[in-house]
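Asker: Structure provided below as structure tokens; questions to follow.
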Amino acid sequence: MRNCIHILLNDQPNMLQDVGTGEMLLDFLRQKKRLTGSKEGCAEGDCGACTVLVGRLIGKELLYEPVNGCIRFLSSLDGCHIVTIEHLRGYDGQLHPIQQAMLDHHASQCGFCTPGIIMALYALWMRVAKPTREQIEQALQGNLCRCTGYEPIIKAAQMVTQATDWPRSDPLLEERQRVKDQLKHWQDDSSIALTKQGDLGKEHIFIPKNEADLAELYAQYPDATLIAGATDAGLWVTKFLKTLPTLIHIGQVPGLKRISQTKEALILGATASYEEAMPVLLDHFPMLKDYLLRIGGWQVRSMGTIGGNIANGSPIGDMPPILIALGASITLKSKQQEREIELENFFLDYGKQDRQPGEYLHAIQIPLPSDKSHVTAYKISKRRDEDISSVAVGFNLIIKDKIIQSAHIAFGGMAGIPKRASHAEQALINKPFTQENMIKAAEKLTEDFTPLSDMRASAAYRMKVAQNLFRRFYLEHSAPQMDDKTGEAAQ
Ligand SMILES: Cc1cc2nc3c(=O)[nH]c(=O)nc-3n(C[C@H](O)[C@H](O)[C@H](O)COP(=O)(O)OP(=O)(O)OC[C@H]3O[C@@H](n4cnc5c(N)ncnc54)[C@H](O)[C@@H]3O)c2cc1C
Ligand code: FES
Ligand code: FES
């Protein structure tokens with residue numbers, strides 16, 4: 001095994017051996033490298049002040065994503081290019097065009113959020129030369145500005161495209177080939193083991209590069225913390241000040257990232273991020289667009305994985321309700337065995353899942369919908385963006401000749417685990433799809449759930465809003481579909 005990691009920081013190659021299990025990218029930048037342009041606002045992935053870009057090779061292509069440096073483990077970045085605000089520049093000592101546009105449009109007051117906002121916008125322009133307002137707003141979902149207000153920022157973002165010769169006026173384009181060559185030079189299949197003497201004892205970090213090594217390491221260290229995107233686990237370090245003696249990063253195992261499809265199912269590798277999974281999910285389930293775009297912000301969706309959202313066992317994760325409603329199953333693997341179970345059976349009780357020592361989540365299988373499937377998910381939260389659900393629901397009804405043939409409805413936030421609304425489902429089967437029947441089924445939710453009151457919502461609010469979502473589903477799915485061309489109700 002290799003005993004170091006390589007990262008390219010702006011234009012500086014780094015070989016690192018002495019990395020601690022709790023060392024975050026932002027601390028490394030600010031404290032060790034004195035690159036203090038990236039700020040720490042919240043240290044929990046919420047504000048985006050720490051946004052930097054992480055570039056990695058996907059085949060021959062270099063893909064840059066915005067990430068929250070505050071919760072990104074430094075040790076997860078082997079073979080990556082980190083771009084910080086200090087690296088941005090224009091030609092001949094000028095500002096970078098995005099920086100100049102922010103200046104021209106008075107888009108910065110105290111300036112604390114500004115480096116993070118510029119990095120998020122830079123990531124956007126690498127992909128879309130002329131983004132729409134909607135795309136700009138999505139790119140900034142994970143960046144909070146509390147004094148300027150967003151209009152000048154959006155205006156600046158729109159104006160960058162009018163700068164002469166954009167995006168060719170970006171001098172960083174010239175370094176892309178060099179960066180690719182450097183990352184290619186570092187690429188190998190060797191798994192990595194780092195050891196450091198920490199204040200409380202030895203710290204071990206493992207970065208397997210294939211599934212055999214992962215299974216072997218997890219069998220050997222069943223108490224190790226598996227790290228995928230770290231958008232949950234990072235906070236244990238930064239907010240709960242937990243010491244994690246042994247980490248196994250699973251994000252560099254190609255078999256766990258794979259997304260594929262058979263005639264019957266879509267198969268998502270457990271470490272596929274939201275950003276990676278979203279295009280294929282939306283191909284089959286276009287109604288989920290708004291829902292998926294309300295998970296975290298761009299940074300969180302670039303880092304966070306679907307597998308992590310399941311494996312964390314949270315009763316308020318957004319993916320389990322809709323995946324359960326879709327009839328998804330999961331594959332669990334360990335050194336000894338491989339097994340497939342229904343996702344709904346994975347959640348046993350609050351904080352308890354059907355996962356044995358040494359077992360990890362390998363993939364999620366999602367049956368493809370029929371043309372009679374009506375699939376939707378709704379999220380209720382206090383804030384529109386970057387908020388955790390008070391209630392989330394996934395609906396999957398098969399309706400033929402206006403009769404409900406089958407109903408799969410699962411909720412998050414209504415019990416200690418994500419759970420199906422069995423009584424409500426039963427009340428719908430073989431019934432005509434009418435508002436009255438949907439409302440009657442919604443009343444059955446009191447037999448399915450006894451929700452709790454907490455800081456997000458009261459029990460009474462949760463029940464009321466959950467019932468109202470049945471009516472919303474009816475209204476959205478009973479309306480005649482409009483013909484795109486004629487604008488009239490389709491037959
Ligand atoms: C600012 C912010 C906003 C967020 N917004 C939302 C939101 O809107 N909706 C939502 O649902 N969540 C949200 N989250 C929570 C988080 O992003 C998701 O739960 C995410 O999917 C977790 O995935 P991850 O890869 O980052 O998991 P990690 O943090 O890497 O891991 C989470 C847990 O799962 C375990 N684990 C991960 N992968 C595996 C595997 N393959 N096998 C076994 N165990 C595994 C880890 O050991 C750990 O216990 C948010 C988080 C932040 C910081
Ligand atoms: S410091 Fe707020 S997201 Fe990182
Ligand atoms: S300029 Fe002050 S927070 Fe955005």
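The values are calculated or read from the model by the stated rules, or taken from the named source; none is laboratory data. What you are looking at is a predicted structure, and each value in this text was computed from that prediction instead of being measured. Please note: Cβ atoms are built from the backbone with ideal geometry, for glycine as well, and neighbour counts cover all protein chains shown.
Asker: Any residue at all in region 362-380 that's modelled with pLDDT of 95 or more and out of contact with any strand residue (DSSP E or B) (no Cβ under 8 Å at 6 or more places or on another chain)?
Answerer: No: zero hits.
Asker: Sticking with this structure for a sec: Identify all residues within region 441-460 that are surrounded by fewer than 18 Cβ atoms within 10 Å (Cβ to Cβ), touching a helix residue (DSSP H, G or I) at 6+ places or on another chain (Cβ under 6 Å) and charged (D, E, K, R); write none if there are none.
Answerer: Within region 441-460, just Glu447 meets the criteria.
Asker: Okay, moving on. Out of the residues in region 222-243 meeting the condition of being touching a helix residue (DSSP H, G or I) at 6+ places or on another chain (Cβ under 7 Å) and assigned to a loop (DSSP other than H, G, I, E, B), tell me which one is nearest to ligand 2 (Cβ to nearest atom).
Answerer: Ranking the candidates gives Thr231 first.
Asker: What's the number of the condition Leu348 fails, among (1) within 30 Å of Asp454 (Cβ to Cβ); (2) more than 16 Å from ligand 1 (Cβ to nearest atom); (3) of a type outside the set (Phe, Trp, Tyr)?
Answerer: Of the numbered conditions (1) within 30 Å of Asp454 (Cβ to Cβ); (2) more than 16 Å from ligand 1 (Cβ to nearest atom); (3) of a type outside the set (Phe, Trp, Tyr), the odd one out for Leu348 is (2).
Asker: Given the conditions (1) within 25 Å of Val54 (Cβ to Cβ); (2) outside any loop (DSSP other than H, G, I, E, B); (3) out of contact with any Pro (no Cβ under 6 Å at 6 or more places or on another chain), which single one is not true for Gly251?
Answerer: With respect to (1) within 25 Å of Val54 (Cβ to Cβ); (2) outside any loop (DSSP other than H, G, I, E, B); (3) out of contact with any Pro (no Cβ under 6 Å at 6 or more places or on another chain), Gly251 is out only on (2).
Asker: Among the residues of region 206-221, is there at least one that is part of a strand (DSSP E or B) and at pLDDT 95 or above?
Answerer: yes
Asker: Residues of region 451-471 being among the polar types (S, T, N, Q) and farther than 16 Å from Ile316 by Cβ, which ones?
Answerer: Gln467, Asn468
Asker: Sticking with this structure for a sec: Pick out, from region 60-171, the helices (runs of 4 or more DSSP H) lying fully within it that include 3 or more residues that are within 26 Å of the chain's Cα centre (by Cα) and more than 16 Å from ligand 1 (Cβ to nearest atom).
Answerer: By residue number, 114-127, 133-139, 150-160.
Asker: In addition: Just one of (1) out of contact with any strand residue (DSSP E or B) (no Cβ under 8 Å at 6 or more places or on another chain); (2) within 16 Å of ligand 3 (Cβ to nearest atom); (3) not aromatic (Phe, Trp, Tyr) trips up Ala120, so point out which.
Answerer: It fails just one condition, (1).
Asker: I need the full set of residues from region 46-63 which are buried (at least 21 other Cβ atoms within 10 Å of the Cβ) and either touching a Gly at 6+ places or on another chain (Cβ under 7 Å) or among the polar types (S, T, N, Q) (or both), in order please.
Answerer: Correct list: Cys47, Gly48, Ala49, Cys50, Thr51, Val52.
Asker: Of the residues Thr331, Thr305, only one is surrounded by fewer than 20 Cβ atoms within 10 Å (Cβ to Cβ) and either β-branched (Val, Ile, Thr) or modelled with pLDDT under 95 (or both); which?
Answerer: Answer to the selection: Thr331.
Asker: When both residues are 6+ apart or on different chains and their Cβ atoms are under 8 Å apart, which pairs have a first residue that lies in region 172-186 and is in contact (Cβ under 8 Å) with a residue 24 or more places away in the chain, and a second that is small (Gly, Ala, Ser) and assigned to a helix (DSSP H, G or I)?
Answerer: none
Asker: Please indicate, with yes or no, whether at least one residue in region 99-121 is more than 21 Å from Leu140 (Cβ to Cβ), within 16 Å of ligand 2 (Cβ to nearest atom) and β-branched (Val, Ile, Thr).
Answerer: The answer is no, given that none of the residues of region 99-121 is more than 21 Å from Leu140 (Cβ to Cβ), within 16 Å of ligand 2 (Cβ to nearest atom) and β-branched (Val, Ile, Thr).
Asker: Out of (1) out of contact with any Cys (no Cβ under 9 Å at 6 or more places or on another chain); (2) away from ligand 2 (no atom under 15 Å from the Cβ), what's the single condition that is false for Arg56?
Answerer: (1)
Asker: Would you mind telling me which numbered condition in (1) on the phi < 0 side of the Ramachandran plot; (2) of a type in the set (S, T, N, Q); (3) more than 16 Å from ligand 2 (Cβ to nearest atom); (4) surrounded by fewer than 21 Cβ atoms within 10 Å (Cβ to Cβ) Thr36 fails?
Answerer: In the conditions (1) on the phi < 0 side of the Ramachandran plot; (2) of a type in the set (S, T, N, Q); (3) more than 16 Å from ligand 2 (Cβ to nearest atom); (4) surrounded by fewer than 21 Cβ atoms within 10 Å (Cβ to Cβ), Thr36 misses (3) alone.
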